[in-house]
Amino acid sequence: MVGHTDTGKTRTSNEDAILCLPNLGVALLADGMGGHSAGEVASRTAIDTISAILKQTTRGVSPHERLETALQAAHAVIREKARQSIRCRGMGTTFVGIIIENGYLHHAHVGDSRLYLLRDGQLMAVTHDHSLLQEFIDQGFYTREEALEKVSRNILTRALGLEPHITIDYDYLKINQGDRFLLCSDGLYDMLSDYELGALLGRQHEVEGIALDMLELANARRSKDNVSVIVIAGF
């Protein structure tokens, strides 16, 4: 398990935040939004709050309960910080995180940061974006190709901190031998195709090299956003 985050080639600050806790089987990634440095505050608040709770609830509590409790707490803390500070008004953050336990990968997400699985050479998105673009596709208004041309990519329908109440998407899957996982922000998958993500993730290299190669390719294409990557392998 290894993670890297980078400002990218256009932005002057990094509003993404990541954390890997291999000993706990935990990986967390958040992509903040908001004026000034508020996005950075939101993503860091989410990672700090969620990681603190996950560290405290390792015994006798199911991964689902741990993730739900941690994300709801982060949502409340972000909203309170936004209430107290004019600079932070309207801030929010996406989130995707996993807990690996007893041969299963448990995942929770809000927004459009993603979890991918590479299994038997096939890449699949495990999470489903909470975005206006995805809603138009789901409702049949546009094909994916049409939506990418006509709908803004960065209008979220769900994010930590934005609305009074938040619904967390949670699921789990059994890990098979040879599985590889990728958590990433839109700064990565907007710059690389699914084919490229799958090809890089499937290379017989150490996860450190895979993660750095993904960042390098996104930056070589002049990524317009911050880029964050967490690669998990070795099963």
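Observations
Rundown of residues vs (1) assigned to a helix (DSSP H, G or I); (2) modelled with pLDDT of 90 or more; (3) touching a strand residue (DSSP E or B) at 6+ places or on another chain (Cβ under 7 Å), yes/no style:
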{"site": "HIS75", "(1), (2), (3)": "yes, yes, yes"}
{"site": "ILE78", "(1), (2), (3)": "yes, yes, yes"}
{"site": "GLY90", "(1), (2), (3)": "no, no, no"}
{"site": "LEU117", "(1), (2), (3)": "no, yes, yes"}
{"site": "PHE136", "(1), (2), (3)": "yes, no, no"}
{"site": "PHE141", "(1), (2), (3)": "no, no, no"}
{"site": "GLU149", "(1), (2), (3)": "yes, no, no"}
{"site": "SER152", "(1), (2), (3)": "no, no, no"}
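- Flag if ARG222 is at positive phi and either open to solvent by 30 Å² or more (accessible area, probe 1.4 Å) or out of contact with any Phe, Trp or Tyr (no Cβ under 6 Å at 6 or more places or on another chain) (or both): yes
- Selection within segment 67-122 - open to solvent by less than 10 Å² (accessible area, probe 1.4 Å) and free of Cβ contacts under 8 Å to residues at least 40 places away in the same chain: ALA70
- Candidate set: segment 33-66, residues that are of a type in the set (Gly, Ala, Ser) and either in a helix (DSSP H, G or I) or touching a residue at least 60 places away in the same chain (Cβ under 8 Å) (or both); chosen: the one farthest from THR167 (Cα to Cα): ALA38
- Whichever residue in segment 165-204 is within 16 Å of VAL126 (Cβ to Cβ) and assigned to a helix (DSSP H, G or I) and, among such residues, is most open to solvent (accessible area, probe 1.4 Å): ASP194
- In the set VAL26, VAL2, only one residue is farther than 18 Å from VAL110 by Cβ, touching a residue at least 60 places away in the same chain (Cβ under 8 Å) and among the hydrophobic types (A, V, I, L, M, F, W, C); that residue is VAL2.
Residue by residue, here is whether (1) at pLDDT 95 or above; (2) buried (at least 19 other Cβ atoms within 10 Å of the Cβ); (3) at positive phi holds:
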| site | (1), (2), (3) |
| --- | --- |
| VAL2 | yes, no, no |
| THR7 | no, no, no |
| ARG11 | no, no, no |
| ASP16 | yes, yes, no |
| ALA27 | yes, yes, no |
| ALA38 | no, yes, no |
| SER43 | yes, yes, no |
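- Of the set (1) within 18 Å of ILE168 (Cα to Cα); (2) in a helix (DSSP H, G or I), all apply to HIS128 but (2).
The values are calculated or read from the model by the stated rules, or taken from the named source; none is laboratory data. Worth saying up front: this structure is predicted, and the values here are computed from it rather than measured. Backbone-built Cβ (ideal geometry, glycine too); neighbour counts: all protein chains shown. Note: accessible area is taken over every heavy atom of the protein model, side chains too, but ligands, DNA and RNA are not part of it. Shrake-Rupley method; radii C 1.70, N 1.55, O 1.52, S 1.80 Å.
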